[in-house]
Amino acid sequence: MARRVRPALLAALAVVAGIVAFTVGVPPIDEVRAVVAAAGWAGPVLYAVLYAGLSLTPAPATALSVGAGVLFGWGVGVPVMLVGALTGALAGFALARCLGRSTVEAMGGDRRARLDALLRRRGLFAMIGIRLVPVVPFAVLNMGCGLTGVRARDYVLGTAIGIIPAGSAFVAIGAYGAEPTSLPLLVPVGALVVLAVGGVVVARRRRAVERSPGPRGA
């Protein structure tokens, strides 16, 4: 019964999160700015909580990171982004691990077993790699990782390290977007371009390796 109820609950939570994201969406920046200003010193804390909560839905994490830069500038926006993103990433991972992991394990399969074994050996580096280029939606990636065999410590540390470059760049875009030729904006934008190009190159090489024929026997 637990094997049926837990994944059903996880699926229901995912559906509710999707409905919230598509009906409510990310609040307008003017409304968030007013709430943050009224909160005073607690404004960054409230925004980090908002970031964590919305990161459980399909809401774009990039927009939340840009918003942190708009509201708090780069110096405060980066820590706010990190706290919010890490809290949301850990919450999504924990939900999937508690509600869906046992069902995935029961499904068996050689491919799943090989993936779990790989993530147990190289989970830290795998997490850093997939976080450096934010292609997969944040919430989907968080819950997907919870369904795998990656260790929690590798997931948390790899996520913390991997989201710093791109996340900091998006915060800088929000903080310095009004000055498109300023160095504090050009540097992170250049870093994003490098990460994107690097991700495309790695993906193409991986597909080429997968498609190449293996060694032939005599």
Item to check | For peptides 28-36, 161-169, sequence by mean Cβ density within 10 Å, most packed first | outcome: 161-169, 28-36
Next on the checklist: Quick check: pseudo-label points 7 Å beyond the Cα along Cα→Cβ at residue 106 and residue 45, how many nm apart are they?
Outcome noted: 4.2 nm
Next on the checklist: Give me the base-10 log of I(q)/I(0) for the stretch 80-156 at each q in 0.17, 0.21 Å⁻¹, Debye formula, one uniform scatterer per Cα, rounded to two decimals.
Outcome noted: -0.63, -0.96
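If we count other beta carbons within 10 Å of each Cβ, what is the order of 154, 116, fewest first? Display every interim value, and only then the final one.
Numbers: 154 20, 116 17.
With the fewest neighbours first, 154, 116 line up as 116, 154.
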Checklist outcome for this item: extent check for the stretch 34-84: Cα max minus min per principal axis, descending, whole Å, gives 29, 19, 17
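Coordinate-derived values only; no laboratory data. Please read these numbers as outputs of a predicted model, since none were measured by experiment. Counting neighbours? That spans all protein chains shown, and the Cβs are built from the backbone with ideal geometry, glycine included.
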